[in-house]
1. Give a residue-ordered list of calculated ³J(HN,Hα) values for the stretch 257-273 (Karplus: 6.51 cos²θ - 1.76 cosθ + 1.60, θ = phi - 60°; whole Hz; x for Gly, Pro).
2. What's the center-to-center distance, using Cα atoms, between the stretch 226-273 and the stretch 107-148 in Å?
3. Give me, ordered by chain and number, the residues 5 or more places off residue 337 or on other chains with an amide H under 5 Å from its own placed amide H.
4. Scan around residue 304 for amide H atoms under 5 Å from its own, H built in the peptide plane at 1.01 Å from N, and keep only partners 5 or more places away or cross-chain.
5. Apply the a/c threshold of 1.5 to the C-alpha gyration tensor of the stretch 114-255 and tell me whether it is rounded, prolate or oblate.
6. Could you calculate the contour length gain from residue 334 to residue 310, that is, 0.36 nm times the residue separation minus the distance between their Cα atoms, to one decimal place in nm?
7. Shape of the stretch 189-246 from its Cα gyration tensor (a ≥ b ≥ c, root eigenvalues): rounded if a/c is under 1.5, otherwise prolate when a/b > b/c, or oblate?
8. Which ³J(HN,Hα) values, rounded to whole Hz and listed in residue order, are derived for the stretch 124-134 from phi using the Karplus coefficients 6.51, -1.76 and 1.60 in 6.51 cos²θ - 1.76 cosθ + 1.60 with θ = phi - 60°, glycine and proline given as x?
Amino acid sequence: MADTPVEASVDEQANNATVDDSVGGMSATVAGAAAMSDGSASAAKKKKKKKKKKSTESSGAGGDDSVAGTDKQGGTDDEKSVNVNRELAQLLRGGAGSDASGQSSVELQKLIAAKINQLQAPPPPTEDPTTKDHKFWKTQPVPQWTDETGDADDGNAEGPLEADKEQSELRQTPLNLPAGFEWYSLNLDDTGDLDALYKLLNENYVEDDDNMFRFDYSREFLVWALQPPGWKQVWHCGVRGTKNKNLLGFISAVPATLRMREHSQKLVEINFLCVHKKLRTKRLAPVLIQEITRRVNCEGLFQAVYTAGVVLPRPVAKCRYWHRSLDPKKLIDVRFSYLPRDMTMAKLIRKLRVPSVRPGVHLCTWVFVDGCPRLLSCTCTFTLSRVRLVLSRGCRRWFCTSGLACARSVVCYGC
């Protein structure tokens, strides 16, 4: 199966203080700390107040409160500068009275200077994804970095990397698993299997670098996503422990039709690849990918697409998607996002509030079943070279959620 990788990139918008502003603010605090060591007690208090005022101005209108909401999920230079600002503020508060902290003013200045150097240091060079060695993907029928682009505009031929195979050429039995593991096809109509899948994804699926946030797909959403028209239970591929029957790994495929320029191709979308955290060193992910490939091939399909947050050989498309915070106060309280500069909480909530009534916008119901596919097809034909085709029965499943259990998770509108 020629898996066609698609790179998905998340645009994380940050409105933190700029690096220049942060460095300027920290330089002022260094000067203030040096002056404090030479003055009298009363002069030191005055300079301390001035220093505190300068530090507050340099870190934004919100002062320490605006820093406290730093986005833990990102890793941009602006966010790092805010983290350094916060550490400097803690150093100054603890070192203003050097006797109480056990550090002399000279040591304090050295610590502050080290933080400034840390901020001013150039960011580490980003690794070129084309130079990374992907041992597994080298063995798979996917475009490699050294291959020609296959772009018709460049005169290169388009088409499958491997020809479709006869059923007699395919392996009809599942791949071998290490001792203690077994294959299992989940039945999402069974409450026990659905609960097992929900628990696995809830505790082990995609999360941020600090292990603070993770996707929490509801059970209704999983049924909606994994049972579109044409779905097959054999494509809900899981790995269980042979003794306790706990679900330890999962990968899925759902049927789709993709238009690539003038050609329409029936294929599957691969999704929800997940391995239990304690088994990440067991190399279960490559085995899951190979097994779902075998199962899809046995159903007569030999092409697939998937998305990833990392760059793997070899993306054929990129997408950027945008977020709108529906509950900014909660997101800031749990430190998923932060309060931007020159912005109060009340102002941010008012800015992001979704109008209760939008003229011309209606909830997508059965009335739009025939119109939605035609509108999508006409629009995407002139704007995109690669697009998923949505038929009427797919529209009923994906968009018209009224009266379905997943209506609480998925709501679609049209105008």
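Nothing in this text is a laboratory measurement; each read-out follows from the coordinates by a stated rule. Everything quoted here is computed from the prediction, not taken from an experiment. Don't worry about glycine lacking a Cβ; one is built from the backbone with ideal geometry, like all the others, and counts go over all protein chains shown.
1. 10, 10, 9, 10, 6, 9, 9, 9, 10, 7, 7, 10, 9, 8, 7, 6, 5
2. 32
3. 332
4. Long-range HN contacts for residue 304: 2, 3, 4, 268.
5. On the way: a/c = 1.98, a/b = 1.15, b/c = 1.72.
Taking the square roots of the gyration eigenvalues as a ≥ b ≥ c, the stretch 114-255 is oblate.
6. Details: separation 24, 0.36 × 24 = 8.64 nm, distance 2.57 nm.
Full-extension gain reported as 6.1 nm.
7. Oblate.
8. The phi angles translate into x, x, 6, 6, 6, x, 6, 9, 6, 8, 9 Hz.
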